[in-house]
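Note sheet for the following structure.
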Amino acid sequence: MNRRVAIMLGIGLLVLAPWVLPESLVTILNYTGLFSLVALGLVLLTGIGGMTSFGQAAFVGISAYTSAILCSSFDWSPWLSLWVGLGFVVLTALLLGALTLRLAGHYLPLSTIAWGLSLYYLAGNLKLLGGHTGLSGITSIDLFGLPIDTGRRFTYLVWFMVLLAIWAVSNLLESRIGRAIRCLRGGRSMAAAMGVNVPQIKLLVFVLAAVLAGVSGWLYVHFQRFVNPTPFGLNYGIEYLFMTVLGGAGYLGGAILGAGIITLLREWLVEYLPALIGQNGNYETIVLAVLIIFTLHRAPEGLWPRLASRWSGRQERHSPLSSQTSIVSPLPKRETHPQRGTPVLRVSHVTKRFGGLVAVNDVSFELRAGEILALIGPNGAGKSTTFNLLSGVSPASSGEVSFLDQNITLREPHAIAQLGMSRSFQHVQLLPHRSVLENVAIGAHLRGSAGVARSMLHLERVEEQQILQEAQRQLDRVGLGSQAQTLAGNLPLGDQRILEIARALCADPCLLLLDEPAAGLRLQEKQALAKLLKQLRTEGLSILLVEHDMDFVMGLVDRIVVMEFGEKIAEGLPEDIQGNPAVIEAYLGSVQ
């Protein structure tokens, strides 16, 4: 079925549902919408951003309690209380995010459990918040003079919010910032090298997920017109995550599917299980837990992709961005490039220690504009570590790295990328489930300026078209133009390495760091790569590469630096290096 037809059909059913469904099912539909908003935030945060949170119920509670107090005690308008509540949610998320998002591994989920529990017990013990008894007498929402005081009327408001959230989040994910968000799950080093401020993007996603939970809390309190701490405890935080995983953590549609299944099942189980078992108890929790375990075993990506594949005849995934259909003005290029022959990169007595191990020891060399310099040496010589020192992935223990006359020794990778340095990786880093075109477009992150609001409202279309046009141009430049809509993970390894070069070129750098670019390439592909690199050199681009293929290196580069055991043992022209006794001994073990 056509996607647009399916969307229109779904909206039509939502319009009719409040008038044809019994009151009990309308209530379930409303709760599904409320829970879907929180699950949408978790899709963004956990499924796409790779950050697990058990504490989203806390943000629901902050917004709900704020609105409840303002409307019941101070007679504020519910609409005004929405913005105040979201303001508190954003401030809380910024504070918690700044404190917890730097944590890695299991520490982040544990920290979300901690602050989720804290709010629950805080609300239960403060008289201002009504304690465990709660607050009542909360006013209903008015919309253009029409009171939203019945469940059937409320359905339209809550699902309008859900559809609006899906539209905005979908627009965001298909934008420049959205590509940066997708890199958070398994591609953070690559994103930082392309100029993405990874900590800032992580905090952005965290705040957006909290805002969606806050909207749900505001709707909840004016739907119930009563609030107590129960819906904002850890149990609900875990259940929101269950909904997301069950539906499909990487899919926006999965948030609604998971919320609907859990909500409907819970209502049915609460009603029918006691009669079947013969006694009362929270047995529905056991059944839901078994369901989640079974789903994780049989459908680790959730139910949404399974259902979508049967419906459309193929497994559903996020559609790759199609290439532009009209020509727009190109992205602006770097205003100035260093004059040919002037020093671009200076490495002065750089040392890197990992505890007692010295990986790089007192290494110095210089790279000039319009030059190709090779960094070679046996395995374990410290070449890739040196690359990481230059690009900011790992800070030097001592010494200095200067790029364009600026000391970058202790700068973050995204800050170095802003100066005009771009790189590829020894082990290819890309988004395998996104198109080749999208992967290359990540390289142009710094060349765009559209923010979150413009992206969510889809007002960045011209800039986005410029970025895609530039990505296509770079793909054509490296010979992968016909593969633009192929999934990057389906390319052979050699083409993936070429893709990385295209992505680096999309940043319009003045210095290109290439870590084993010819690995996995066939002879003709190596020749094409050498031709491309020579062309880039004639255009004034400086290139520093690590490579093991000596035939490839000797016929390409201007100068060579040789390393062994973390130290520089030789530097000079290719013909001088070939006959250097120290180099021969390093590679062959003896001087011939």
Quick one: which residues, 5 or more positions from Leu143 or on another chain, have an amide H under 5 Å from its amide H? H modelled 1.01 Å from N in the peptide plane, none for Pro or chain starts. Ile148
Hey, if you put +1 on the Cβ of every Lys and Arg and -1 on every Asp and Glu Cβ in the chain, which of Ser53, Asn388, Asn407 ends up farthest toward the positive end of that dipole? Ser53
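Provide the packing ranking of 423-429, 508-514, i.e. peptides ordered by the mean count of other C-beta atoms within 10 Å per residue, highest first. The partial results should precede the final answer.
Details: 423-429: 20.0, 508-514: 23.1.
Result, highest mean first: 508-514, 423-429.
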What is the packing order of peptides 481-491, 246-256, taking the mean over residues of other C-beta atoms within 10 Å and listing the highest first? 246-256, 481-491
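Any chance you could tell me what percent of the C-alpha pair distances in the range 219-303 go past 22 Å?
Within the range 219-303, distances greater than 22 Å cover 34 percent of Cα pairs.
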Using the 2.2 N^0.38 Å rule of thumb for compact globular proteins, work out how the chain stacks up: its C-alpha Rg over that value, please. 1.14
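Regarding the range 343-588, what's the average projected area of the Cα-atom convex hull, expressed in nm²?
Numbers: hull surface 56.1 nm².
Computed as one quarter of the Cα hull surface, the answer is 14.0 nm².
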Mind checking the dipole of the chain: about its Cα centre, +1 per Lys or Arg Cβ, -1 per Asp or Glu Cβ, Debye to the nearest 20? 860 debye
Return the percentage of antiparallel bridges among DSSP beta bridges fully within the range 343-588, rounded to the nearest 5 %. 55 percent
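Taking every pair of alpha-carbon atoms in the range 132-236, give the share separated by more than 21 Å as a whole percent.
Numbers: 2886 of 5460 pairs.
The answer is 53 percent, as a whole percent.
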State the extension gain, in nm to one decimal, for the chain segment bounded by Trp167 and Gln339, taking 0.36 nm per residue of separation less the distance between their alpha-carbons. 57.2 nm
Spatially proximal lysines relative to Lys534 (Cα-Cα < 17 Å; intrachain offsets below 8 disregarded): Lys526
If you wrap a convex hull around the alpha carbons of the range 3-312, what volume per residue comes out, as a whole number of Å³? 153 Å³
With label points built 7 Å along Cα→Cβ from the Cα atoms of Leu13 and Leu419, find their separation and express it in nm. 5.6 nm
Restricting to the chain, compute how many DSSP beta bridges are antiparallel as a %, nearest 5. 60 percent
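Every number in this text was worked out from the coordinates using simple rules, so none of it is lab data. Predicted, not measured: the structure shown is a model, and the values here were computed from it. Cβ atoms come from the backbone with ideal geometry, glycine included; neighbour counts cover every protein chain shown.
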